Amino acid sequence: GSTEKDTASESTSKAGKPLKVALLIPGNVGDKSFLDSAANGLTKMKDMLGAETKVVEMGMDQTKWEPTMSDISEQNYDVIVTGPWQVEEVLAEVAPRYPKKKYILFDSELDYASGKFGNVASLLYKQNEASFLAGALAAKVTNSDMPLATKSNVIGFVGGMDIPVINDFLVSYIQGAKYVNPNIKVAVSYIGDFVDSAKGKEMALAQYNEKADVIYNVASQAGLGVLEGAKAKKKYVIGTDTDQAEIFKSTDPEKSELILTSILKQIDNSLLLAVKDMDHIKWGAAQSYGLKEGSVGMALNEFFKKNVPEGIRNELAAIQKKIESGEIKVDTGLGMSTDEIDKIKASVRP
Amino acid sequence: MDDHILKLEGITKVYPNGIVANKDVSFSVKVGEIHALMGENGAGKSTLMKMIFGIEKPDEGSIWLNGSQVEIKSPDAAIKLGIGMVHQHFMLVPSLTVTENMILGIEPTKRGFVDVQAAMRMTREIAEKYNLHVDPQAKVADLPVGMKQRIEILKALLRGAKILILDEPTAVLTPQETEELFKQLLLLKENGHTIIFISHKLKEIKDICNRITIMRAGRSVGVYEVDAVSEEDISRLMVGRDVVIKYDKQKNTPGATVLKIDKAGYMNAIGKQMVKGVSFEVREGEIVGIAGVEGNGQRELVDMIAGLSGWNSGEVLLQGQNTKSLSIRQIRELGMAHIPEDRMTFGVAREANIQDNLISNRVFDKRWGSFFLNKKRIKEMAEKSVENYRVKCESSEQIVQMLSGGNIQKVVVARELALSPKLLIADQPTRGIDIGAAEFIHKKLIELRDEGNAILLISADLNEVMELSDRLLVMYGGEVVAEFGEGRQVTEKELGLCMLGLNRTSENIGEQEEQVYGIRTQ
Amino acid sequence: MESERSKVLFEIVRTVVTVAIALLLAFVFILIVSKEPSKALYQFMVGPFLSVRNMGNVIELSIPFIFTGIAACIMFQARQFNMIGEGAFFFGGIMATVVALKITLPMGIHPIVAILMGGIAGAVSGYFIGYCKAKWGANEFVNSLMFNYVLLYAGLYMLINFLRDPKKGQLSSFLIPDSAQLPKIVDGTRIHVGLFIAIIAVILTYLFMYKTKWGYAIRMTGFNAKFVAYSGINVAAAIVISQVAGGFLAGIGGATQILGMHQRFEWSTLTGYGFDGIIVATLARLNPAFVPVAALFLAFLRTGADIMARNSDVPSEVVLIIQAIMIILISASGFMAKWRQRMIARKSKHAEEQGAIAC
Amino acid sequence: MLTFFHLIFNVEFGYAVFRVTTPILFAALAALIASKGGVMNISLEGTMLFSALSGVIVSAYTHSAFLGVLGAMATGILMSLLLAYCALDLKTDIFLTGIALNMLASGGTVFLLYILTNDKGMSGSLKSLVVPNIKLPLIQDIPIIGPIISNHNILTYLSLISVVIVYLLIYKMPIGLKIRAVGENPGAAASVGVNVRKIKYMSLMLSGLFASLGGAFMSMGYVSWFSRDMIAGRGFIGLAAEAMGRGTPLGTFLSSAIFGVANAVSNSLQAMSLPAQFVQMIPYATTIIGLLLYSIQQTNKSIKAKNTKELKQ
Ligand SMILES: Nc1ncnc2c1ncn2[C@@H]1O[C@H](COP(=O)(O)OP(=O)(O)OP(=O)(O)O)[C@@H](O)[C@H]1O
Ligand SMILES: Nc1ncnc2c1ncn2[C@@H]1O[C@H](COP(=O)(O)OP(=O)(O)OP(=O)(O)O)[C@@H](O)[C@H]1O
Ligand SMILES: [Mg+2]
Ligand SMILES: [Mg+2]
């Protein structure tokens, strides 16, 4: 009985009724990472736009995503937000079936050239650009005079799993590090999943024992264990996706002090802007958000300012400018073959 | 009030599968008597006892103890009321030691820990007191059934029951042990204990019991003074017809050798030589009996022949073929069949139905289908067996667990005799079987022999071996220490002495197996 | 003895009562967490029937449950706590993907070969566990639990190095060609030919377990292995056969799931269907014939729960809690046992009296 | 280039083994007690998860790590009571109930967390406490050994002591005798007046107790917060360790330690140029190999005892 509701909502939402937005995520909220960030975007819509929002956790089983998306599409939502890459094929199947609905796909895109997806808009984030900065920062810090740096010239990377999106972070991280120091060594470990934070801690400890001065964690919840390892070893760490120093600021400030910065994809803000500006964004096309647009970047929080020496901060700012201007071209791990990635890893192995 | 210490009135018990095991049974025992309970297999004896001991609950009726009505909810409650029970099937924990089994539930402690020394002492003392010897440190799993039975009896005695229920305690005891037990029971009786005694052996009942209650098909047929009824009366009351105890057994004419054991030896896991260079033969058309006190190597010998274990010296030849490298299936295909002493461990799959249990030793025979099982044929076969062996059951699809002890034994025997085996190893074949059915099985064994098959009979029931054997061997300490001709010619006394190792007919019987037939003890 | 009919009748009555109680409990729970409890419960219980697509979801979901369910039945009937279903399902999916992507075959044959390949992969896994148990007594529970991870990481290695589509952000294989996909059979749903395969597998498994000699050997081994050995049946063979068959079925299940429900291989962890299979098998009392019913029940619970989670304010975690309650209660065989005993006693006695009068 | 030996033979590695082993050892001991009582306690995973959460919550609200651990223990016992009630009184299949309880824990912890913190992922906003590490006097000064075995979490030491406690409990105390009897032959135990139901309840409660300590270690020792599904299979690994240890406390301890070492190796070895998947496979493959070697050796031994006849059954 959802068809009548459909037509009803089409007219009423324009007539001042609150906007209805649904967010469909492949997995569950609570990852302290981009899914949470997207969910936070909806909270912002509710607070700032007075929208009626609903977050639907579609779970890990891919076969359930299609029915969920179809089901939600048949209800009276004005906009359906979903992402990232995992859902793109499901959306490609569902979106054309409901041409009157609007879909915002974050962190992924469809084959817009086909002309079938006029009701979908993509938001793309150049996470690799920000990750490049993380690499540059880490490489600088190890050879700096910062109190916990040993000049070992080794930095670390702890990823959740050996999968493309994680390797996208890795490739640009290494590129950034090599950019400031071609001889830098990067230890790379994968936890094997995104939940085992105890194992994340072990991975971090193993890398710190191998002289890594800074570790970049890209493992959502499991990555929180890396922070724990940093605290145990009194070493530096870089977070991702949410401002991880902020999480522990009140409960565990000692840990926050060690988190140099976090690499952020501001999915929340970009979603808010996109929904607010629905009439102005490009439908049937992708909009890219990089450093320049301010949608990805480092968390320039109090700890960053306090702990990272001004010299390094300035250098990073300069690098950022070069990326924004296109002077530095940042590689992406997406689309790279397994061999290519292995080669990059081998080139910096301690 | 009367002098009845325990009284059951109008007891009806229906098992969850709908079987009415007891129907309006009234039963009572007096203080200081030994009260026999007899009845055919499946008559409902064990069930009735289980209700007294709180294992089962009656659906109707009441239990009175010392004149007041009681509800016995659990064995714990029964024990607290001064009731002890020795169960028909062992209630032992195999991986624990004898001592641990003995003291389970009444552990002596010292500073919160089990006082092992005290426990061993208790075990040793009670064993000595009742002259039932056990090794306190042995693991129960390694013990033969006779030893397990002793532990069961001691367990009940140790808990100091005023009313002691013994459900077929003598089924696997040797005559000497039985005699010893009886002495103790009489002593207990004199001390004011009350004993309920279940047995299928009329002689035993006559020996020690005061009164007898006879059950038939779930009902009580009556209570009698033991002295006032003859053995024939009892069997007639139980079975409903006369039972012949003597068999019409013709002299045999043995043929070719079927089984040849040549200096076979077996060493157990802890390095003890359990069988020491035993040699003998079993030929077509003869029943060779093996008598001996449990634990003298009979079990190991049987396991070797049946393929359940290997051996470390000598040879076992079946139909002229060395069985060492053969699988059990291959050995069975040579014509071996085996009634195992421990029916619950080897003899049946309790949770399977009668049909499934009857087919196991020949399931791969093409008769029952090539890949698919021919269910119809199996059912016919099973129904015939149930009828022939008078297995008391609802149908051949009944789960074996729900049969009474004797009826389970009948299923095993029916299966093993079905193929007219060239060699039958019959280890305690009538254990727990009522006289009517035992008679039937004995006849079957003789029939089998007369058809020219070989039978190796092992039994703790001396009457049985003496009655049936054409030749009789006695095992002691892992060796064959004596060999007699026809079992009927031997006296129980002679046999007893040999079994205890006090008398041997041949020093090196292993070396001279060729010429030993017919040797008699002096 | 009580008749089959009254037994079945009792089971039905008991099931209805337990479901009612489970629902009541679920409702109480929903009442606590939801502002719109009746709507939530409605979505939960009725949601799966509200559209063809939803009903389709239930059936689609039951297919993998059926496969891992019958797999668990066979393995558990031999009383082997073999958890290989989980790994075999995953690896069956991988091997099917290999066939689908690396071998070119005509339309009708391609999926058959792919599925068989998945089955063989599962069977080999089952064989490994079964053989180690039968030959050396290596604990099958530990071995299979560990081997699942070996299969997972071996599968991921293959995926990453040979099958991966580098153009995708997530870890997934190339698109499975149309020739290898299992066709859908009901419009408006994703119900695919795998359903027929599942039904055939159930029938064959049932026949195997209850009508064949090796099925007999496996069941008896589960009851009493010593008895089976003593009877001259090869226990080791029975154990190995049951584990191979279980692995094979789980492998087919994984293959079918990938070819029927996915466009590409996209699992990066174990799927959980192996454990679901154990739930299904236990609910079905290890009888393959009841597996489809149990599988549908579990699929119904899951689908209803999903529908409730997305259409009401009940958080998706609560749904797990409610599922757990339902599963526990439905399997509660002690429930109403006393009442039943009284009923049986009365009836048997009655019958006996009638019989006595008739005589 | 890092070498294998360089990675393995160092003090940090030895230290890590203890830490990695702790939760597995607790789980394995929990599995041991339950299995002595005749139950494969598949719900350990869920029990640990719930305990991990309640340790965090209680310590955050009471500002006491000690009370936090007590809270975790109470939760563990409660979980096993639930399991026991379902299995023993409602007569559910205990295996199935265990699986269901794991589901319940997986959903229930997140739900509870959400109610308390409005966060579905982790408890970062709760100021929970951790159980401290302690330095062992004297021992800590011994070179190499000191740094390896000193300065561990109290719960790590407790896990080692628990091996002895469990041994005494099972083999030296009346309750242990009853548990073993009930686990092996409940009918026999009942026939001598042992209350089978009560003993099963107790063995499961003890099992829950040890599991809960493993859970508490995860959230109050290993890391300092609770996060969704953070036990990540350690309960199951514990079950495996117990089964591999053939039901003895020492065996269980040794096989837990093997798991610990294998995991620590795997964690360290990532730094070498092997495919991640193979390195991640190490703990599991090691276990299988260890299990097989042990089983094969046992079989050979028993074939010898069985008078050279290889049982073809
Ligand atoms: N657990 C059970 N469930 C169902 N029926 C049972 C059960 N135990 C016994 N029966 C049935 O109850 C009847 C009485 O059995 P019971 O064991 O009391 O006989 P019994 O007199 O002790 O026989 P036996 O001399 O063979 O030991 C039998 O028909 C048997 O099949
Ligand atoms: N139908 C039955 N068949 C066999 N044994 C039974 C049966 N009913 C009860 N028992 C036995 O009686 C004992 C007590 O059973 P149950 O738990 O039903 O007692 P209750 O007193 O009614 O309940 P509660 O223990 O909760 O007070 C158990 O040991 C059980 O084995
Ligand atoms: Mg009986
Ligand atoms: Mg009770």
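Observations on the structure shown:
- Our estimate of slack between C:ALA337 and C:ARG79, defined as 0.36 nm per intervening residue step minus the Cα-Cα distance, is 90.3 nm.
- Under 5 Å between amide hydrogens, built in the peptide plane, is the criterion, and for B:VAL114 it picks out D:MET173 among residues at least 5 positions away or on other chains.
- Shielding by other protein chains, B:327-340, mean Cβ within 10 Å: 3
- Simple spin-label estimate for B:SER395 and C:THR15 in nanometres, 7 Å along Cα-Cβ: 2.1
- Applying 1/(1 + (r/R0)^6) with r as the Cβ-Cβ distance of A:ALA317 and D:ALA74 and R0 = 30 angstrom yields a FRET efficiency of 0.05.
- Coil-residue trypsin sites (Lys or Arg not before Pro) of region C:148-198, DSSP, other Cβ within 10 Å capped at 13: C:LYS167
- Charged-residue dipole, Cβ positions (Lys, Arg, Asp, Glu), chain B about Cα centre, Debye nearest 20: 1080
- Taking a straight line from the alpha carbon of B:LYS23, these aspartates and glutamates sit under 15 Å away, with near neighbours fewer than eight places off in the same chain left out: B:GLU9, B:GLU56, B:ASP59, B:GLU60, C:GLU352, C:GLU353.
- Proximity of backbone amide H atoms, modeled 1.01 Å from N, is registered between B:SER26 and B:GLY10, B:ILE11, B:SER220 at under 5 Å, excluding neighbours fewer than 5 places apart on the same chain.
- Simple Cβ-charge dipole of region C:60-304, Lys/Arg +1 and Asp/Glu -1, about Cα centre, in debye nearest 20: 420
- Chain D - percent of accessible surface contributed by carbon and sulfur, probe 1.4 Å: 71
- Averaged over B:367-379, number of beta-carbon atoms from partner chains that fall within 10 Å: 2
- Accessible area buried, both sides summed, chains C and B with 1.4 Å probe, Å²: 3200
- Efficiency of FRET from Cβ geometry, B:ARG236 and C:LYS347, R₀ 45 Å, rounded to 0.05: 0.85
- With the cut-off at under 14 Å, measuring from each backbone N in region B:127-149 to a point 7 Å along the Cα-to-Cβ line of B:ASN191 picks out B:127-132.
- For A:ASP252, the solvent-accessible surface with a 1.4 Å probe is about 20 Å², rounded to the nearest 10.
- Each residue of region B:79-90 was assigned a 3J(HN,Hα) from its phi angle through the Karplus expression (A = 6.51, B = -1.76, C = 1.60, θ = phi - 60°), giving 4, 4, 7, x, 10, x, 9, 9, 7, 5, 9, 4 Hz with x at Gly and Pro.
- Most simply put, chain A has about 5% antiparallel DSSP beta bridges, counting only bridges with both residues inside it.
- Calculated FRET value between B:ASN17 and D:TYR61, using beta carbons and R₀ = 41 Å, to 0.05: 0.15
- Compactness of region B:101-149, expressed as Rg and Dmax over alpha-carbon positions, Å: 11.6, 36
- Kirkwood Rh, Cα atoms: Rg over Rh of region B:4-239: 0.97
- Kyte-Doolittle mean at least 1.6 and Cα axial length at least 27 Å: DSSP H helices in chain D: D:65-84, D:94-117
- Whole-angstrom Cα spans of chain A along principal axes, big to small: 67, 42, 37
- Dividing the alpha-carbon radius of gyration of chain B by the rule-of-thumb value 2.2 N^0.38 Å gives 0.98.
- Given A:LYS44/D:LYS127; A:LYS32/A:LYS276; A:LYS54/A:LYS100; A:LYS17/A:LYS249; A:LYS235/A:LYS305; C:LYS133/C:LYS184, the pairs whose alpha carbons are separated by over 29 Å: A:LYS17/A:LYS249; C:LYS133/C:LYS184
- Percent accessible area from carbon and sulfur atoms, region B:347-418, protein chains only, probe 1.4 Å: 45
- Loop-located chymotrypsin sites (Phe, Trp or Tyr not before Pro) in region B:352-445 (DSSP state not H, G, I, E or B) with no more than 11 neighbouring Cβ atoms inside 10 Å: B:PHE371.
- Quarter the surface of the alpha carbon convex hull of region D:2-312 and you get the mean projected area, 20.2 square nanometres.
- Taking GluC sites (Glu not before Pro) across region B:449-505, the ones in a DSSP loop with at most 11 further Cβ atoms lying within 10 angstrom of their Cβ are B:GLU451.
- In order along region B:340-354, the Karplus-derived 3J(HN,Hα) couplings, from 6.51 cos²θ - 1.76 cosθ + 1.60 at θ = phi - 60°, round to x, 5, 9, 5, 6, 7, 10, x, 9, 9, 4, 7, 8, 7, 4 Hz, and Gly and Pro are given as x.
- Virtual spin-label span in nm between B:HIS133 and A:LEU148, 7 Å along Cα→Cβ: 7.6
- Å² of accessible area per residue within the protein assembly as shown, as computed with a 1.4 Å probe and no ligands counted: 36
- Amide H partners (placed H, <5 Å) of A:SER288, local residues excluded: A:LEU124
- Note on C:160-167: average number of Cβ atoms from other chains within 10 Å of each residue's Cβ is 4.
- Computed from label points 7 Å out along Cα-Cβ, the spacing between A:LYS100 and D:TYR171 is 7.6 nm.
- Chain B: calculated mean residue ellipticity at 222 nm from DSSP helix runs of at least 4, using -39500 (n - 2.57): -9000 deg cm²/dmol
- Note on the protein assembly as shown: antiparallel DSSP beta bridges, both residues inside, total approximately 40 percent of the bridges counted.
- Chain C: DSSP helices with Cα axial extent of at least 30 Å and average Kyte-Doolittle hydropathy no lower than 0.5: C:4-33, C:52-77, C:109-136, C:235-261
The values are calculated or read from the model by the stated rules, or taken from the named source; none is laboratory data. Bear in mind that the values here come from a model prediction, so they are computed numbers and not experimental data. Note that each Cβ is placed from the backbone with ideal geometry, even for glycine, and that neighbours are counted across all protein chains shown. Side chains are part of the model used for accessible areas, which takes the heavy atoms of the whole protein and leaves out ligands, DNA and RNA. Shrake-Rupley method; radii C 1.70, N 1.55, O 1.52, S 1.80 Å.
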